[in-house]
Amino acid sequence: MKRILIIHTGGTISMKENKETGEVNTDDNHPLEEISSFLVGTTIIEDEFLFHLPSPHIRPDHMLMLGRFIHEKLVKEKFDGIVITHGTDTLEETAYFLDLFLQTKKPIIVTGAMRSSNEIGSDGLYNLLTAIRVASCDEAQDKGVLVVMNDEIHTARNVTKTSTSNVATFQSPQYGPIGITTKKDVFFHHKTTSHDSYPIQQISKKVALIKAYAGMDGILIDAARTGGIDGMVIEALGQGNLPPETVGAIKETIQAGIPIVLVSRCYQGIVQDTYSYEGGGRQLRDMGVIFANGLTGPKARIKLMVALEMTNNPIELSPMFSY
Ligand code: ASP
């Protein structure tokens, strides 16, 4: 029998709908406390209630606390896998942080729900049971942190919430899920690439995330710089280009010793230094902007926060964003 630890952090998966008002909110009686009765004879389940937070209340320091908690549990006790329940709004950021922070081959699975426990078609209990099955699966080992929702298995690196309300919200644009689940089985159909880990001691750096738009100027970049940030991620246009009116603010930011990481606001693809016009990728690269390989803006921000705990030298930071 496998021994699995479930760590609850909150989110809709632990909420109930008020049938009179239609509001959804946290509930003191955790609706998933009954989960063990569904797994009798197959899995030993233990429960820990670390936080009881909607995921917009989750901060990077909560992520680090969760990462340390998992690390200690794995070092001190013989768990075969860990399942984390989490609100879906920031689930991908916590999953990716854990992917960067943890150094374990044991399955670490993050799951959530789009519908609260007493709503018609509630997906919480189903996703939790599926996540436990994946966490108990030998094939799920050494794949980094995985996100299991709606019968699909995604890597923390590639998954993102794509719909505000659909239960099929979690997708991995361009790459797809690495596996699927059925009522009886867990199937993996893609191998994962190796990934880096950063066992940081604290997460204290301020990193701004700014999205580019047609006609953008330097106002937001200047405001972030003068507001006392340690790093900046810009979701650039297309292959990694910005309007020319931003160039002055970018130069000043880099000269101030604040690293800038570039991703694309496109749904798919990788930024490249293709265009040499004013504000084009070639010019940005020459100015010292760091290009991130295929991460979304929120994930590049998590990675920069983690990386800045080790260095703020762009020459050392740049290779960390190349995979
Ligand atoms: N707003 C909720 C949260 O992230 C959504 C959810 O859990 O699905 O906490």
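The values are calculated or read from the model by the stated rules, or taken from the named source; none is laboratory data. All of these numbers come straight from a predicted model, not from anything done at the bench. Cβ: placed from backbone, ideal geometry, glycine included. Neighbour counts: every protein chain shown. For accessibility, only protein heavy atoms count, side chains too; no ligands or nucleic acids. Shrake-Rupley method; radii C 1.70, N 1.55, O 1.52, S 1.80 Å.
Side notes on the structure shown:
- Test: residue in the range 114-125 that is closer than 17 Å to T192 by Cα, at pLDDT 95 or above and either touching a strand residue (DSSP E or B) at 6+ places or on another chain (Cβ under 7 Å) or within 16 Å of the ligand (Cβ to nearest atom) (or both): no
- Listed by position, the strands (runs of 3 or more DSSP E) enclosed by the range 154-229 that each have at least 1 residues that are charged (D, E, K, R) and within 22 Å of D89 (Cβ to Cβ) are 207-211.
- Hits in the range 90-103 (condition: closer than 21 Å to K161 by Cα and either within 16 Å of the ligand (Cβ to nearest atom) or of a type in the set (A, V, I, L, M, F, W, C) (or both)): T90, L91, E92, E93, T94, A95, Y96, F97, L98, L100
- The range 1-23, residues that are open to solvent by 60 Å² or more (accessible area, probe 1.4 Å) and within 15 Å of the ligand (Cβ to nearest atom): K16, E23
- Looking across the range 126-149 at every residue that is in a helix (DSSP H, G or I) and open to solvent by 10 Å² or more (accessible area, probe 1.4 Å), the one that is farthest from the ligand (Cβ to nearest atom) is identified as D138.
- Contact annotation: residue pairs with Cβ atoms under 7 Å, 6 or more positions apart or on different chains, pairing a residue in the range 82-99 that is within 13 Å of K299 (Cα to Cα) and open to solvent by less than 10 Å² (accessible area, probe 1.4 Å) with a partner that is near the ligand (Cβ under 7 Å from one of its atoms) and not hydrophobic (A, V, I, L, M, F, W, C), are L91/S55; L91/G112.
Yes or no, residue by residue, for (1) surrounded by 21 or more Cβ atoms within 10 Å (Cβ to Cβ); (2) at pLDDT 95 or above; (3) in contact with a helix residue (DSSP H, G or I) (Cβ under 9 Å, 6 or more places away or on another chain):
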{"residue": "I260", "(1), (2), (3)": "yes, yes, yes"}
{"residue": "I270", "(1), (2), (3)": "no, no, no"}
{"residue": "G281", "(1), (2), (3)": "yes, yes, no"}
{"residue": "L284", "(1), (2), (3)": "yes, yes, yes"}
{"residue": "L295", "(1), (2), (3)": "yes, yes, yes"}
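- Within the range 45-77, the residues that satisfy the criterion of being away from the ligand (no atom under 16 Å from the Cβ) and part of a strand (DSSP E or B) are I45, E46, D47, E48.
- The set of residues in the range 180-205 being surrounded by 14 or more Cβ atoms within 10 Å (Cβ to Cβ) and out of contact with any helix residue (DSSP H, G or I) (no Cβ under 8 Å at 6 or more places or on another chain) consists of I180, H190, T192.
- Whether a residue is in a loop (DSSP other than H, G, I, E, B), more than 11 Å from the ligand (Cβ to nearest atom) and touching a Gly at 6+ places or on another chain (Cβ under 8 Å) was assessed, and K106 passes this test.
- Taking the range 297-315 as the range and being within 12 Å of L209 (Cβ to Cβ), of a type in the set (D, E, K, R) and open to solvent by 30 Å² or more (accessible area, probe 1.4 Å) as the test, only R301 passes.
- Scanning the range 243-258 for residues that are polar (S, T, N, Q) and either open to solvent by 40 Å² or more (accessible area, probe 1.4 Å) or within 12 Å of G297 (Cα to Cα) (or both) yields a count of 1.
- Being in a helix (DSSP H, G or I) and more than 16 Å from the ligand (Cβ to nearest atom) is a condition met by no residue of the range 78-89.
- When Q268 is tested against (1) closer than 23 Å to T162 by Cβ; (2) in contact with a strand residue (DSSP E or B) (Cβ under 7 Å, 6 or more places away or on another chain), exactly one condition is not met: (2).
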